[in-house]
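Single-structure report; data block below.
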Amino acid sequence: VSGSVHWFAMEHVAIGLMYNGSFGSRNSTTITVKQPDGTTIQGPVSNDIRVDWYGANVLFAPMGGKKVSPYASLGAGYITYQDKATYFEPYTVTGNTIGAELRAGVDLMVAPSLTIGAQFGWSTGRLKSFKIDTGDQSAEVDLMEPYAEGLGRIDLAVVLRLRL
């Protein structure tokens, strides 16, 4: 899910604010794990991950307003990470960091103020610390380089753009 608001400071260059959210979940059937003492435990394993990107960017639209308009944007922002997980017992992992994004695409005008298009996006960020909360207790975890968790991803999207 993504949305942005831009203001054209110059004819083909706009500055704006953008939100981009990525959501995913995975549930397993009950798993069995053998303990060091030879006993086994059984339980569920699941992840429900949400990564939100909030930031500012600069949009370059050299042929804005034409029937076919390519564009690109470059931005920087703040990333929040949350994983509502279960490994036999439920817990939540949260963290935040800064990130960067790059997007490129092409719009096709379908009405004077409405376009539809395709977009390729790349975003990156590295989570160097996070918090694990079980509800009863919590712990802060700091990761040393090169073990920071990469939050980068590639997006392919269909874009509907309203120009006011």
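So, in the stretch 1-46, of the ones that are assigned to a strand (DSSP E or B) and hydroxyl-bearing (Ser, Thr, Tyr), which residue ends up farthest from residue 82 (Cα to Cα)? The qualifying residue farthest from residue 82 (Cα to Cα) is 40. Filtering the stretch 43-64 down to residues that are within 14 Å of residue 6 (Cβ to Cβ) and open to solvent by 40 Å² or more (accessible area, probe 1.4 Å), which residue is farthest from the chain's Cα centre (by Cα)? My answer is 60. Pairs are defined by a Cβ separation below 6 Å, a sequence spacing of at least 6 or placement on different chains, a first member in the stretch 54-67 that is touching a residue at least 40 places away in the same chain (Cβ under 8 Å) and at negative phi, and a second member that is outside any strand (DSSP E or B) and surrounded by 14 or more Cβ atoms within 10 Å (Cβ to Cβ); the pairs so defined are 61/12; 62/12; 64/12.
Taken as a whole, the structure places residue 102 among residues that are farther than 30 Å from residue 44 by Cα and either under 22 Å from the mean Cα position of the chain (by Cα) or of a type in the set (A, V, I, L, M) (or both).
The single condition among (1) in contact with a Gly (Cβ under 6 Å, 6 or more places away or on another chain); (2) aliphatic (A, V, I, L, M); (3) at pLDDT below 95; (4) farther than 30 Å from residue 29 by Cβ that residue 160 does not satisfy is (1).
Would the stretch 6-25 turn up any residue that is without any contact (Cβ under 8 Å) to a residue 24 or more places away in the chain and either under 21 Å from residue 120 (Cβ atoms) or of a type in the set (S, T, N, Q) (or both)?
Taking the stretch 6-25 and keeping what is without any contact (Cβ under 8 Å) to a residue 24 or more places away in the chain, we get 7, 9-10.
After this cut, where a residue has to be either under 21 Å from residue 120 (Cβ atoms) or of a type in the set (S, T, N, Q) (or both) as well, the list is none.
No: zero hits.
Being more than 28 Å from residue 129 (Cβ to Cβ), among the small types (Gly, Ala, Ser) and surrounded by 15 or more Cβ atoms within 10 Å (Cβ to Cβ) is a property that residue 69 has. Within the stretch 126-164, being over 22 Å from the mean Cα position of the chain (by Cα), part of a loop (DSSP other than H, G, I, E, B) and farther than 21 Å from residue 87 by Cβ holds for 144, 163, 164.
Out of 83, 133, I need the residue that is on the phi < 0 side of the Ramachandran plot, in contact (Cβ under 8 Å) with a residue 24 or more places away in the chain and open to solvent by less than 40 Å² (accessible area, probe 1.4 Å). Which one? Checking each option against the conditions leaves just 83.
The values are calculated or read from the model by the stated rules, or taken from the named source; none is laboratory data. Note that the coordinates shown come from a computational prediction; the quantities given were computed from them, not determined experimentally. Reconstructed Cβ throughout: ideal geometry from the backbone, glycine too, with neighbour counts over all protein chains shown. What goes into the accessible areas is simple: the full protein's heavy atoms, side chains included, and nothing from ligands, DNA or RNA. Shrake-Rupley method; radii C 1.70, N 1.55, O 1.52, S 1.80 Å.
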